[in-house]
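Asks: Got a structure for you, written out below as structure tokens; questions coming shortly.
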Amino acid sequence: MAGFWAGRRVLITGHTGFKGAWLAFWLAELGAEVSGLALPPDTKPNLHDILDLPKRGRFVHADINDRAALDALMRCTRPEVVIHMAAQALVRRSYAAPIETFAANVVGVVTLLDVVRHCPETRAVVIVTSDKAYENLNWSWGYRETDSLGGHDPYSASKACSEIAAASMRRAFFHPGGHPARIATARAGNVIGGGDWAEDRLTPDIVRGCLGEEGVVRLRNPSAVRPWQHVLEPLGAYLMLAERLCAAPDGVDEAWNIGPDAAENRPVLAVAEALVAALGRGRIEVTPKVDAPHEAHLLALDCAKARARLGWRPRLDFDATISLTASWYSAWARGETMAPITRGQIAAFTEAGT
């Protein structure tokens, strides 16, 4: 991986987010020339500042639909690889801000790809969508890439639309005889890991509860089951997809599920109990809200395609995921310098696959 990425020009959208900050740091460690466009971080603390990302690349604060800013950055950096993660990424927020959600998640994909098609140096684009892009029927088996897209809440529906938009742009402009870049979409399961402080997301809610004065973790939907995975799992898959799109794109420029083995799926309560135990503090209270907006109860992914055709597989089981997550937050709470901790966790993740 390091040999491919050293000196490679890479643009990340959404680098101020949880996953984006991890990826920008990782790529900088691999020696890539990293650039990024994203809104300013919307929480304090945030991983972007903790890892001092502005010193590791060329980063611009702008909306993904600010075409002038995106075009200027693309012309300046001439990225060979683009990894698109800029999004409104919260289900509950999508109920309060549906227009913002669809604008960021659907129009943002079209804006990005329309700018990319005027950048001749770009060879690979990975569009990050979500496992929630599927029409959720509360099946007990995993959704496959050929299953129907849809969504009850605006976030899920916007991610389904972003898949359709990406496929349309791919067929219209990125094909033999068109722009040379090849485009893949990645539908990842729920991620956890150190450095997330978003609102209404499980891990930061647990950490805030454990580390707060009350020491109480409040759960609104403890029985909901999700395909939890450490943040580095999908990021490694995005890098693998980008490499394959550059080197051997045939059959790669399509949609891919990225998630844990089915045996690793857990209900929210199990994740909370494991993290509280690993952090060594806090207690759990279940406080369901009868008037809460709809959220799916059960969601699982079938990732057989990525395993068979990409050779991708998860590296960490549930226990290792919890251990890395808790140790990151514990180190942060002790006031340690987090760049070496983050670097060490990336190394541990990489070694887990050897």
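Asks: In this structure, does L316 turn out to be at pLDDT 95 or above, crowded, with 17+ Cβ neighbours inside 10 Å and under 15 Å from V207 (Cβ atoms)?
Replies: It is false that L316 is at pLDDT 95 or above, crowded, with 17+ Cβ neighbours inside 10 Å and under 15 Å from V207 (Cβ atoms).
Asks: Before we move on, is I183 at pLDDT 95 or above and in contact with a strand residue (DSSP E or B) (Cβ under 7 Å, 6 or more places away or on another chain)?
Replies: yes
Asks: Does V207 count as assigned to a strand (DSSP E or B) and either touching a residue at least 24 places away in the same chain (Cβ under 8 Å) or of a type outside the set (K, R) (or both)?
Replies: The answer is no for V207.
Asks: Provide a single number: the residues in region 115-130 that are surrounded by fewer than 23 Cβ atoms within 10 Å (Cβ to Cβ) and of a type in the set (S, T, N, Q).
Replies: 0
Asks: Sort out which residues of region 255-288 are within 25 Å of A160 (Cβ to Cβ), crowded, with 17+ Cβ neighbours inside 10 Å and touching a Gly at 6+ places or on another chain (Cβ under 8 Å), and write them in order of number.
Replies: Within region 255-288, N257, I258, G259, P260 qualify.
Asks: Could you tell me which residue of region 23-54 is farthest from I127 (Cα to Cα), considering only residues that are among the charged types (D, E, K, R) and modelled with pLDDT under 95?
Replies: By that ranking, first place goes to K44.
Asks: Follow-up question, since we're still on this one. Kindly check whether there is at least one residue in region 108-116 that is more than 14 Å from P154 (Cβ to Cβ) and hydroxyl-bearing (S, T, Y).
Replies: Scanning region 108-116 turns up at least one residue that is more than 14 Å from P154 (Cβ to Cβ) and hydroxyl-bearing (S, T, Y).
Asks: Can you say whether S158 is polar (S, T, N, Q), within 20 Å of I83 (Cβ to Cβ) and at pLDDT 95 or above, as far as the supplied structure shows?
Replies: yes
Asks: Residues R78, R58: which one is surrounded by fewer than 19 Cβ atoms within 10 Å (Cβ to Cβ) and either in contact with a Ser or Thr (Cβ under 6 Å, 6 or more places away or on another chain) or modelled with pLDDT under 95 (or both)?
Replies: R58
Asks: Identify the single condition in (1) in contact (Cβ under 8 Å) with a residue 12 or more places away in the chain; (2) more than 28 Å from Y134 (Cα to Cα); (3) not charged (D, E, K, R) that P340 does not satisfy, given that it satisfies every other one.
Replies: That leaves (1) as the condition not met.
Residue by residue, here is whether (1) more than 25 Å from D200 (Cα to Cα); (2) assigned to a helix (DSSP H, G or I) holds:
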residue: A69; (1), (2): yes, yes
residue: A72; (1), (2): yes, yes
residue: P79; (1), (2): yes, no
residue: R93; (1), (2): no, yes
residue: T146; (1), (2): yes, no
residue: Y155; (1), (2): no, yes
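For (1) in a helix (DSSP H, G or I); (2) under 27 Å from V10 (Cα atoms); (3) not charged (D, E, K, R), each residue gets a yes or a no:
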residue	(1), (2), (3)
E100	yes, yes, no
A104	yes, yes, yes
V115	yes, yes, yes
N136	no, no, yes
A160	yes, yes, yes
R170	yes, yes, no
G177	no, yes, yes
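Asks: A further question follows. Could you look through region 90-114, keep only residues that are within 27 Å of F173 (Cα to Cα) and under 18 Å from the mean Cα position of the chain (by Cα), and pick out the one that is surrounded by the most Cβ atoms within 10 Å (Cβ to Cβ)?
Replies: Once the filter is applied, the top-ranked residue is V109.
Each row is one residue, and each column tells you yes or no for (1) farther than 21 Å from F349 by Cβ; (2) of a type outside the set (V, I, T); (3) out of contact with any Pro (no Cβ under 6 Å at 6 or more places or on another chain).
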residue	(1), (2), (3)
I258	no, no, no
A274	no, yes, yes
E285	yes, yes, yes
A300	yes, yes, no
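Asks: Collect the residues in region 210-239 that are assigned to a helix (DSSP H, G or I) and at pLDDT 95 or above, keeping them in residue-number order.
Replies: Passing the criteria: L232, E233, P234, L235, G236, A237, Y238, L239.
Asks: Related question: Among residues belonging to region 24-55 that are among the β-branched types (V, I, T) and closer than 17 Å to W197 by Cα, point out the one that is surrounded by the fewest Cβ atoms within 10 Å (Cβ to Cβ).
Replies: Checked region 24-55; the qualifying residue surrounded by the fewest Cβ atoms within 10 Å (Cβ to Cβ) is T43.
Asks: Mind counting the residues in region 312-351 that are assigned to a helix (DSSP H, G or I), under 17 Å from L51 (Cα atoms) and of a type outside the set (A, V, I, L, M, F, W, C)?
Replies: Total satisfying the criteria: 9.
Asks: Something else about it: Which residue is nearest to L235 (Cα to Cα), if the candidates are limited to region 131-142 and must be buried (at least 24 other Cβ atoms within 10 Å of the Cβ) and of a type outside the set (D, E, K, R)?
Replies: A133
Asks: To continue, here is another question. Consider region 88-132. How many of its residues are hydroxyl-bearing (S, T, Y) and farther than 16 Å from G151 by Cβ?
Replies: 2
Asks: So, P340, is that one under 24 Å from A157 (Cα atoms) and not small (G, A, S) or not?
Replies: no
The values are calculated or read from the model by the stated rules, or taken from the named source; none is laboratory data. For clarity, every value in this text was computed on a predicted model and none was experimentally measured. So basically every Cβ, Gly included, is an ideal-geometry build from the backbone, and we count neighbours across all protein chains shown.
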